[in-house]
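The values are calculated or read from the model by the stated rules, or taken from the named source; none is laboratory data. Since we're looking at a predicted model, the values are computed, not measured. Neighbour counts are summed over all protein chains in view; Cβ atoms, including those assigned to glycine, are modelled from backbone coordinates with ideal geometry.
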Amino acid sequence: MTLSDLGRDDWTRFTLKQRLQRYVVFAACALAIGWAISSIEVIWAWVWDAPSQMGDLFGRMIPPDPSNLGAILRVLWETVNIATIATAFAVILSLPVAWLAAQNTTPNRATLWIGRFILVSSRSINTIIWALLFVAIFGPGIVAGIVAIMFRSIGFVGKLLGEAIEEIDKRPVEALEATGASRLKVIAYAIVPQVMPTFWAVSILRWDINLRESTVLGLVGAGGIGIILQGAIDTFNWREAATVLLAILGLVILGEIVSAWLRRRIL
Amino acid sequence: MLKISDLVKRYGGGEPVLKNLDLTIEGESVVSIIGSSGAGKSTLLRCINRLVEPTSGSITLNGTELTRLRGAELRRARRKIGMVFQGFNLVERLTVMENVQSGRLGYISTWAALMRRYPREDIRRAYELMERVGIAHYADKRADELSGGERQRVGVVRALMQKPEILLADEPTASLDPKTSEQIMGLLRDLSRELKLPVLINIHNVHEAKEYTDRIVGMRYGRIIFDDLPRALDQEAMDRIYSGSPAADRAGEMRAAS
C-alpha cells in the first residue's frame, strides 16, 4: 500500500480492460454453443415428444417379466466371470508395462517410449471398439469379450501403477543399492512394498469398472448379459428388457458393495 | 584399511565439491567428519560406496580399487561397505526382520529373497544383532511402527548384517532427539570395538564427535583442513572449519593464485 491509497473507497476486482476481455470470451462461448446446436440436425418434434414416449415405454416395461430369470442370472454370472478373468489377466500383464513406463525403473529411453506407447494405445481405444475388433478375430462369444476388456484395462492399470512407481520414496532404494543388491532385488524389496497399496486399490477399482463395461459387450456379440438385453429389445419384449435392466442394476450395486468391502479388508 | 587419494568430485561443470582429497582410515577406529553444510561430507561418504560417482582419484578398501568397478563387481564390493543414513531409509511397509535381512540381499539368491526364505545362519545372526541393540522383540513389527531411535537401530543392524569391512554413517543422529542421538553414537562406538570394525561418521554435533570418536576430520569446502585427535580440536580449529563462506574461500584462492 502506498500513501496515495489512503482515503480510497473504490475497489474493483477487474480493470476495465479485463472486464471487456471477459465479456468477449463469454460472447464467444455463447456463439460457439449456439452454432453447435444449430449445426446438428435435431428433429425437435421428437425431442418435445420424448416425455410421452418415455411414459409409454415405461408403461410397456411394467410389470417386469421374470419368466426368463434363470437364463438371465446364468448369463449375468458369465458377465461377472468375463470381468473378473479379464481384470486378473490385465493386472498381471500391466505389471511389466508399468515397469517399462515408469521413468525410474525403465532400462533406457527406448523402453520408456515402448511402455508409454502401449499405455496410450490401450487407453485411447474404447472397450466396445476393442470388442468389435476381437469379435472379428475370435468370433462372437466370451473370449472376445475377455480379451477386449483386458486390452482396455492394461492401459488403465499400467498408467496408474507406473505413476505410483515414479512417486515412491527413493531413500530405501538408495539404501538397498548400497548393500550390493541387484536391480531385481531392489525392485522386490524397496519398490514393490511401496506400490502394493496402489496396486490393490487400482485392481479393485478396475474390476468394479469392468463389471459395468462387460454388461454392454453383448451388444456387439462379445458375450455377457448384453446379448439377452439386445434380443429382448429387438423383439420388443420390453417386460423382459426391464428384468435384464433390474438385474444389471442389482449386479452393479453388488459389485459396489464387494469392492468397498475388499478395499476395507486389504487397504 | 580405507585409502582415499587425490579424490575429486565435480557436479556438471561447476566448482568441485571435493578437491584433491586424501584420507586414510586404518584399523578399527571411529572417525568423525565435521564441517558446515555443503563442505562435501556427504559426497565424500557416497563416493566410497559409489552412490555418487567420483570424477577422478582413487579409493581402495583393503586392497580393492573401488573407483573403476562396474556391475556385479561393484555390487560385490558394496556388500563389504555398510551404510547408515540420516533418514534411516528403511522400507516402512516391511517388517523389521525383512528390513534387517535386506542387508543380506547381496549374498542370497533372488528366489530366497522373494520367498523370504532366509538362510538359518542369517536368521541367527539377525536375532543376535537385534538382541545386541535391543530391538529383537520388534522382529515381526512393521518398520513404520517404531520410534526414530528404534528405526535407526534397525538401520545399523541392516548394515551390520552385510558383515561389512567398514561402516559409513551419514549423519546418523541428525533426525533424533539429543538423548537418543547419544545412545546411537555410543552404540556405534561400542559395536566398532566389539566387531573390530572401522566406522566413518558424518556428524553436525561437534560435542558428540569429541565424545564418541577416536579421530576428527574437519572439512571445509571440499578440503580436509583438520585431522587429529578430538582433544586437539580447539576453538581456533573450530573457527577455521566453520567460519567463512564459499565465496570468501574462492576469493582467497584467486588472490593466492595471482
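Restricting to region A:184-199, and then to whatever is within 15 Å of A:Pro96 (Cα to Cα) and touching a residue at least 24 places away in the same chain (Cβ under 8 Å), can you tell me which residue is surrounded by the fewest Cβ atoms within 10 Å (Cβ to Cβ)? It would help to see each step written out before you state the result.
The initial filter retains those residues of region A:184-199 that are within 15 Å of A:Pro96 (Cα to Cα), namely A:184, A:187-188, A:191-192, A:195-196, A:199.
Add one more test, that the residue is touching a residue at least 24 places away in the same chain (Cβ under 8 Å), and what stays is A:187, A:191, A:195, A:199.
Details: A:Ile187: 17, A:Ile191: 23, A:Val195: 24, A:Phe199: 19.
By that ranking, first place goes to A:Ile187.
Could you list, in sequence order, the residues of region A:165-183 that are within 32 Å of the chain's Cα centre (by Cα) and either at the interface with another protein chain (Cβ under 9 Å from one of its Cβ atoms) or in contact (Cβ under 8 Å) with a residue 24 or more places away in the chain (or both)?
A:Ile165, A:Glu166, A:Ile168, A:Asp169, A:Lys170
Here are some conditions: (1) touching a Ser or Thr at 6+ places or on another chain (Cβ under 6 Å); (2) more than 30 Å from B:Gly82 (Cβ to Cβ). A:Tyr189 meets all but one. Which one does it not meet?
Tallying (1) touching a Ser or Thr at 6+ places or on another chain (Cβ under 6 Å); (2) more than 30 Å from B:Gly82 (Cβ to Cβ), A:Tyr189 fails exactly one: (2).
Please enumerate the residues belonging to region B:163-191 that are under 18 Å from B:Ala136 (Cα atoms) and either within 14 Å of chain A (Cβ to nearest Cβ) or under 12 Å from the mean Cα position of the chain (by Cα) (or both).
B:Leu188
Inspect region B:89-112 for any residue being loosely packed, with under 14 Cβ neighbours inside 10 Å, facing chain A (nearest Cβ under 9 Å) and at pLDDT 90 or above and give the result as yes or no.
yes
Which residue pairs have Cβ atoms under 8 Å apart, sit 6 or more places apart or on different chains, and have a first residue in region A:251-266 that is touching a residue at least 60 places away in the same chain (Cβ under 8 Å) and a second that is of a type in the set (Gly, Ala, Ser)?
That search, which allows pairs on different chains as well, returns A:Arg263/A:Ala201.
Looking at B:Ser29, B:Ser37, which one is within 14 Å of the chain's Cα centre (by Cα), modelled with pLDDT under 90 and at negative phi?
B:Ser29
Tally time: how many residues in region A:184-205 are among the hydrophobic types (A, V, I, L, M, F, W, C), within 7 Å of chain B (Cβ to nearest Cβ) and touching a Leu at 6+ places or on another chain (Cβ under 6 Å)?
Residues flagged as among the hydrophobic types (A, V, I, L, M, F, W, C), within 7 Å of chain B (Cβ to nearest Cβ) and touching a Leu at 6+ places or on another chain (Cβ under 6 Å) within region A:184-205 amount to 2.
Just to check your reading of the model, which residue among B:Ala77, B:Ala126 is closer than 13 Å to A:Ala178 by Cβ and more than 7 Å from chain A (Cβ to nearest Cβ)?
Matching residue, one of B:Ala77, B:Ala126: B:Ala77.
Pairs under 7 Å by beta carbon, first residue touching a residue at least 40 places away in the same chain (Cβ under 8 Å) in region A:42-67, partner of a type in the set (Phe, Trp, Tyr) and in a helix (DSSP H, G or I), six or more apart or different chains?
Between residues of region A:42-67 that are touching a residue at least 40 places away in the same chain (Cβ under 8 Å) and residues that are of a type in the set (Phe, Trp, Tyr) and in a helix (DSSP H, G or I), the close pairs are A:Leu57/A:Trp238; A:Arg60/A:Trp238; A:Met61/A:Trp238.
Please go through region B:129-157 and give me each residue that is within 14 Å of chain A (Cβ to nearest Cβ) and touching a Lys or Arg at 6+ places or on another chain (Cβ under 9 Å), ordered by number.
Within region B:129-157, B:Arg142, B:Ala143, B:Asp144, B:Val157 qualify.
Does B:Ser42 count as within 14 Å of chain A (Cβ to nearest Cβ), among the hydroxyl-bearing types (Ser, Thr, Tyr) and under 28 Å from B:Arg231 (Cα atoms)? Walk me through how you get there before you give the answer.
Working: within 14 Å of chain A (Cβ to nearest Cβ): yes; among the hydroxyl-bearing types (Ser, Thr, Tyr): yes; under 28 Å from B:Arg231 (Cα atoms): yes.
So B:Ser42 passes the test.
Do we have any residue at all in region B:47-62 that's within 14 Å of chain A (Cβ to nearest Cβ) and part of a strand (DSSP E or B)?
Filtering region B:47-62 for residues within 14 Å of chain A (Cβ to nearest Cβ) gives B:47-53, B:61.
Applying the additional criterion that residues be part of a strand (DSSP E or B) yields B:61.
Yes, that holds for at least one residue.
Quick one: which of B:Gly35, B:Gly40 is under 22 Å from A:Arg171 (Cβ atoms), out of contact with any Pro (no Cβ under 6 Å at 6 or more places or on another chain) and crowded, with 21+ Cβ neighbours inside 10 Å?
B:Gly40
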